[in-house]
Amino acid sequence: MEHEPDQPRPDTAAPTAETTTEPRPETDPPADETTAAETEAAEAVIGEITVEPGAPRPGTEAAEPEPEPAPDVCLHRVRLRDLTPGGRALAALGLLAALLAGLLQLAALFAGGFLVSIGAEFAERALAEGILLILGSMFAMIGVFALPGTWRRLHRPEAPILWLTITGTLLTTAALYLLGETTALPWAAAVALPNLAVAALLAYLRTVLDPRETCDTNPALPTRSRYLRHP
């Protein structure tokens with residue numbers, strides 16, 4: 001009788017070796033940390049971004065600033081030490097006449113306003129005298145300011161200035177004459193002599209000086225007025 005080899009029973013079979021896989025430690029950083037690190041590295045590589053101006057296209061160049069105009073230099077501007085003795089005497093006479101005429105015109109302006117205020121209710125003659133004084137004061141005051149300016153720059157006074165000054169002087173003289181008749185003071189019109197002197201000096205300077213328009217072309221004074229300033 002043949003001997004059969006023993007077969008292992010199912011319940012007694014050797015247990016099969018089970019392979020267990022242990023989790024390996026994670027070596028990669030999380031996704032958010034990786035993104036932050038990559039961003040910092042990119043910024044370090046790129047650095048600061050600078051923009052350089054490109055070449056301007058034709059027709060778009062910035063306009064260059066225009067040069068400032070040279071100061072207005074008037075060769076006819078004079079000072080007191082530049083005048084001759086005759087010129088100083090004439091200038092002093094003109095300034096004195098302008099000062100007295102200015103004071104007279106201020107007084108005439110206030111007197112004219114007073115006469116207009118009372119003449120509108122009491123007497124028509126006082127109203128007319130007040131109007132003459134006010135208008136004469138306004139017109140004559142133009143010559144009071146123009147005469148000193150003419151002596152600072154020896155240019156011919158403009159024709160309107162001269163004619164307005166003469167008109168103001170005549171109106172003031174007429175008003176003072178009417179006041180003299182009313183108050184029995186016939187010499188009241190003589191108070192307007194400073195105004196007459198201002199008008200006469202402006203007329204004289206207009207005849208001996210050149211106009212302002214020829215300041216550049218004629219830097220020297222005309223022959224008829226060179227006695228006013230030292231060469």
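The values are calculated or read from the model by the stated rules, or taken from the named source; none is laboratory data. Note that the structure is a prediction, hence the values are computed from the model and not measured. For neighbour counting, all protein chains shown are included, and Cβ atoms are generated from backbone atoms with ideal geometry for every residue, glycine included. Just the protein is used for accessible areas: all its heavy atoms, side chains included, with ligands, DNA and RNA removed. Shrake-Rupley method; radii C 1.70, N 1.55, O 1.52, S 1.80 Å.
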Review point. What distance in nm separates the simple spin-label points at L95 and R212, each placed 7 Å from Cα in the Cβ direction?
Key: 2.2
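Students sometimes get this wrong: rank S225, S117 by accessible area, probe 1.4 Å, all chains present, largest first. Mind dumping the intermediate values first?
Values: S225 0, S117 70 Å².
Of S225, S117, the descending order of accessible area is S117, S225.
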**Study point:** C-alpha center-to-center spacing [the range 204-231, the range 135-160] in angstrom
**Key:** 17
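What accessible area per residue, rounded to a whole number of Å², is obtained for the range 162-231 using a probe radius of 1.4 Å?
56
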Check your understanding: Residues of the range 72-116: accessible area per residue at 1.4 Å, in Å²?
Key -> 59
Practice item. Taking the Cα centre of the range 174-231 as origin, sum charge times position over the Cβ atoms of Lys and Arg (+1) and Asp and Glu (-1), and report the length of that vector in debye to the nearest 20. Key: 240
Practice item. Only loop residues by DSSP count here, and only those with at most 11 other Cβ atoms within 10 Å; note down the GluC sites (Glu not before Pro) in the range 96-154 that meet that. Key: E121
Exercise for review: Run the dipole for the range 78-231 about the Cα centre, Lys and Arg Cβ at +1, Asp and Glu Cβ at -1, nothing else charged, and hand back the magnitude in debye, nearest 20.
Suggested key: 900
Study note, to complete from the structure: Placing each pseudo-label 7 Å from Cα in the direction of the beta carbon, E181 and I118 end up separated by a distance in nanometres of 1.9
